[in-house]
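Colleague: This is the structure, below, for whatever I ask next.
Please treat every number below as a calculation from the coordinates, not as lab data. Bear in mind the structure is a predicted one, so any value in this text is a computation, not a measurement. With ideal geometry, Cβ positions are generated from the backbone for all residues, glycine too; neighbour counts draw on all protein chains shown.
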Amino acid sequence: MKDFASQSAGGFSLTRRELLGFGLAFAGAAAINLVPGLNPVASAQAAVPEVAQRIADHFSSVRTMAGEFVQFGPNGEQTGGKFFLERPGKVRFNYDGKSNFRVISDGRSVVILNMKLRTSDLYPLSKTPLKLLLADRIDLSGGRVTDIKQEDDLTTIQLADKSVFGNAKITMMFDPNTYELRQWTITDAQGKDTTVMIFNTKEGVKLSADLFTIDYRANREWNQKRKN
């Protein structure tokens, strides 16, 4: 994966890894470190905590969703835009800014598009955390839940899966009453965080299939021109 190839969006310098803040930015770390203040699950084979499973079941039941997001990079970069989600496997992030970035998953692949420079990077969905988050049913078994913390106004769940994330981790925060996802943080191999907050979300919305279409031919042509 071509990490840290700097681009520009909305006046902020973004790397491809940061653009994949929804859950794609995972190249190995030496070990999975627990977030301070979280209570570790007893063992990798421990049963899925009940609250985590309830949240996962609720999130799995959300078949479509749309809203806005703000993304904070590890060096203080900030950008935002709109997102659209359709389960299973489909999501689109339209980033604000002159570069007109797009991150799209069509259920098979994930592409990062810079519409201004006409460049793209394509990744298998199966090699990203979107595989877990956009699955038809979210599977938390196999020790994926490494930490969980319950507070009056927030439930925090940390997930790790070497087969998908490498040795990186994703920390998600949910409303403890509605189980709605509020934000997530990706901690990469170097211990750097990329955080995405979502708001003004609507569930059960009707979405056009065109939102999640990847033009594989254009992707090949753009990459060929870049090589030349």
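Colleague: Which values of log₁₀ I(q)/I(0), to two decimal places, follow from the Debye formula for segment 42-130 at q = 0.24 Å⁻¹ with a uniform point scatterer at every Cα?
Modeller: Each listed q corresponds, in turn, to -1.23.
Colleague: Follow-up. Taking 25 Å as R0, compute the FRET efficiency from the Cβ-Cβ separation of Asp175 and Ser141 and round it to 0.05. Let's see the in-between values first.
Modeller: Values: r = 24 Å, r/R0 = 0.95.
Taking R0 as 25 Å, the efficiency between Asp175 and Ser141 is 0.55.
Colleague: Under 37 °C and 0.692 mPa s, how fast does segment 84-141 diffuse according to Stokes-Einstein, given a Kirkwood radius computed over C-alpha pairs? Answer in µm²/s, whole number.
Modeller: Taking Rh from Cα pairs, D becomes 275 µm²/s.
Colleague: Also, quick follow-up: Listing Ser126, Ser109 from the residue with the fewest other Cβ atoms within 10 Å to the one with the most, what is the order?
Modeller: Details: Ser126 13, Ser109 18.
Listed from fewest to most nearby Cβ atoms, that is Ser126, Ser109.
Colleague: So which aspartates and glutamates pass the test for Lys206, namely a Cα distance under 20 Å, with those fewer than 8 places away in the same chain ruled out?
Modeller: Reachable aspartates and glutamates: Glu68, Glu86, Asp106, Asp136, Glu180.
Colleague: Determine the distance separating the Cα centre of segment 192-228 from the Cα centre of segment 80-158; give it in Å without decimals.
Modeller: 10
Colleague: To continue, here is another question. List the trypsin sites (Lys or Arg not before Pro) within segment 123-228 that DSSP assigns to loop and that have no more than 13 neighbouring Cβ atoms inside 10 Å. Mind dumping the intermediate values first?
Modeller: Numbers: sites: Lys127, Lys131, Arg137, Arg144, Lys149, Lys162, Lys169, Arg182, Lys192, Lys202, Lys206, Arg217, Arg220, Lys225, Arg226, Lys227; in loops: Arg137, Arg144, Lys192, Lys206.
Filter output for segment 123-228: Arg137, Lys206.
Colleague: To continue, here is another question. If each residue of separation counts as 0.36 nm, what is the full-extension length gain between Leu117 and Glu151 once their alpha-carbon separation is subtracted? Please report the intermediate quantities before stating the final value.
Modeller: Working: separation 34, 0.36 × 34 = 12.24 nm, distance 4.47 nm.
Using 0.36 nm per residue and subtracting the Cα-Cα distance, I get 7.8 nm.
Colleague: Let me ask you something else. Lysines within cross-link reach of Lys116: Cα-Cα under 23 Å, excluding same-chain residues under 8 positions apart?
Modeller: Partners within reach: Lys2, Lys82, Lys98, Lys225, Lys227.
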